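Structure first, commentary second.
The values are calculated or read from the model by the stated rules, or taken from the named source; none is laboratory data. Quantities reported herein were computed from a predicted structural model and do not represent experimental measurements. Cβ placement follows ideal geometry from the backbone for every residue including glycine, while neighbour counts extend to all protein chains displayed.
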Amino acid sequence: MPLELENINISKPLNELVLFLNKLLTYKSKKDLVAGLLSSILNILEPVRFLSFVEKNDDELKVLYQIGDSKLVKDVFNEEMSHQIFNWVSLQRQTASLKLVDKEQFLFVPLIDSQGSNEINYGIVVIQLVRLDYLVNKDLMLILNAVSKVAALAMSKFLKSEKSEKYTELQDEIEKELKMASILQQTMSKSQLSKKIQCNILQDEKSVHNGNLWWISDLGEDITLVLIAQILSKGISSAMLSGYILGEMNSLKNRVELCLRPQEVLKYLNLQLNQIFKDTGITANAWYGVFNIAAKRVRFSNANHPEPYVIGPEQQVTNLVSSLKDKSLGVNIDSAYVETSSYVSGGSKLIICTSDLLEQAAKIGHNYDPSWLPQVLETLGSLSLTEMQKSLQSILSENQSGTATDTPRLAMLLEIPA
């Protein structure tokens, strides 16, 4: 006569369920969670000959943890049968009982968590009972299903937490790489810093790896070359592209016939970047100028970049307006960039800003005022370039109701020798 568990005190299994719940927060890994689950089931169904937890990855079954001697189990299950049982139990979605080859009694407990319309099957607990005449009653079956459901929920939360930790670690690693990219980029730029034109940079800490770059270099006695650009991408891709463009500029400096012609420089960069940007959706805005210090003239070309501000000797603020602002770099291989020439008097200051900085500067609380920044520049025009840079950065940071934004701001401040 089979031994039914109807008369067995159900308080012990309930206590084990409570203990398992209390221990959930102490588990540090998926394996710890599974080990705790198997230990609880062992105490609930005692005596038990063998327990294991089997998971399925890429159609391959793997034992994550086991308790007891697995030799007999290996003799009973072959690979084909194991897959069939795993799939069958998964479809049952609850504890199932099987007697195999009239020899051994097994229970199979699936760990399934439902998330919306999706179901995640984390694996199956395989239990080999000691007696063939055990009939698990409804109460005990409910407790097993409850334990498995709680374990599946805990597995979901644990894996989410684990993914979150890995994501955080990855973000930290990326941040380190980007900081290194920033240092390298600034080193490449500063190594070519002009001795003819005073230059100060207004730049946020994260600006460099948010697509902003600047480059300035002397050519001979009286010529200074200047590039400012904003790559419309962030993170590693923008850091890599910034380094690429800086490398191209350092190389172009050795091609005098090209680097002295602004429209040809932008045309060259457009051609190179078009091949890289193709099908990525990435573009770059840029302004390139060739300053003739002795003649007090600048020849420049613009690829959808904001026009530079000029603060004259009497603090009047105007713009260096291009005769034509063509498309961003990398958009159209046939873009034709044009050159504009302008006189810039000695002692004048140029402020070349990225569009993100101008967008922030134009927002006063909830209002939009594009004339605000020119007015600020007019009040700062009498300051030295260093003092102007510090004051401008402070004013911009206090803008927008006194709170600095996360906008990756960049501005080049130049002063033409008197």
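Side notes on the structure shown:
Here is a yes/no grid of residues against (1) of a type in the set (A, V, I, L, M); (2) closer than 13 Å to Leu350 by Cβ; (3) modelled with pLDDT of 90 or more:
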position	(1), (2), (3)
Leu377	yes, yes, yes
Ser384	no, no, yes
Met388	yes, yes, yes
Ser394	no, no, no
Asn399	no, no, no
Pro408	no, no, no
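- Within segment 314-354, the set of residues being within 37 Å of the chain's Cα centre (by Cα), closer than 16 Å to Ser382 by Cβ and of a type in the set (Gly, Ala, Ser) is empty.
- Look at segment 4-21: where a residue is modelled with pLDDT of 70 or more and a partner is not in a helix (DSSP H, G or I), sitting 6+ places away or on another chain with Cβ atoms under 9 Å, you get Lys12/Glu46.
- Of all residue pairs spaced 6 or more apart or on separate chains, those with beta-carbon atoms under 9 Å, a first member in segment 39-50 that is in the same structural domain as Asp139 (by TED's automatic domain parsing) and a second member that is part of a helix (DSSP H, G or I) and of a type in the set (Lys, Arg) are Ser40/Lys23; Asn43/Lys12; Ile44/Lys12; Glu46/Lys12.
- Residues in segment 37-84 that are on the phi < 0 side of the Ramachandran plot and assigned to a loop (DSSP other than H, G, I, E, B) were compared, and the one that is surrounded by the most Cβ atoms within 10 Å (Cβ to Cβ) is Phe77.
- Of all residues in segment 115-139 being in contact with a Leu (Cβ under 8 Å, 6 or more places away or on another chain) and more than 26 Å from Lys31 (Cβ to Cβ), the one that is modelled with the highest pLDDT: Asn137
- In this structure, Ile311 does not qualify as within 38 Å of the chain's Cα centre (by Cα) and in contact (Cβ under 8 Å) with a residue 12 or more places away in the chain.
- If only residues of segment 74-114 that are closer than 18 Å to Val147 by Cα and polar (S, T, N, Q) are counted, the one that is modelled with the lowest pLDDT is Ser114.
- Condition met for Ser391 (of a type in the set (Ser, Thr, Tyr), without any contact (Cβ under 8 Å) to a residue 60 or more places away in the chain and out of contact with any Gly (no Cβ under 7 Å at 6 or more places or on another chain)): yes
- Residue that is farthest from Glu221 (Cα to Cα) [pool: residues in segment 253-309 that are in contact with a Gly (Cβ under 6 Å, 6 or more places away or on another chain) and among the β-branched types (Val, Ile, Thr)]: Thr283
- Between Ser335, Ser323, the distinction of being farther than 22 Å from Arg409 by Cα, in contact (Cβ under 8 Å) with a residue 60 or more places away in the chain and assigned to a loop (DSSP other than H, G, I, E, B) belongs to Ser335 only.
- Any hit, segment 108-125, residues being farther than 18 Å from Ser156 by Cα, touching a strand residue (DSSP E or B) at 6+ places or on another chain (Cβ under 7 Å), assigned by TED's automatic domain parsing to the domain that holds Leu142 and not aliphatic (A, V, I, L, M): yes
- Test for Leu252: is it without any contact (Cβ under 8 Å) to a residue 40 or more places away in the chain and under 34 Å from the mean Cα position of the chain (by Cα): yes
- Residue within segment 359-366 that is in contact with a helix residue (DSSP H, G or I) (Cβ under 7 Å, 6 or more places away or on another chain) and touching a residue at least 40 places away in the same chain (Cβ under 8 Å) present: yes
- Filtered by the rule that a residue be aliphatic (A, V, I, L, M), surrounded by 11 or more Cβ atoms within 10 Å (Cβ to Cβ) and not in a strand (DSSP E or B), segment 85-98 gives Ile85, Val89.
- Of all the numbered requirements in (1) among the basic types (Lys, Arg); (2) at pLDDT below 65; (3) over 27 Å from Leu246 (Cα atoms), Lys190 misses one, and that requirement is (3).
- Residue in segment 233-247 that is among the small types (Gly, Ala, Ser), farther than 28 Å from Met388 by Cα and in contact with a Gly (Cβ under 7 Å, 6 or more places away or on another chain) present: yes
- Of everything listed in (1) closer than 19 Å to Phe53 by Cβ; (2) of a type outside the set (S, T, N, Q); (3) surrounded by fewer than 19 Cβ atoms within 10 Å (Cβ to Cβ), the single unmet condition for Leu111 is (3).
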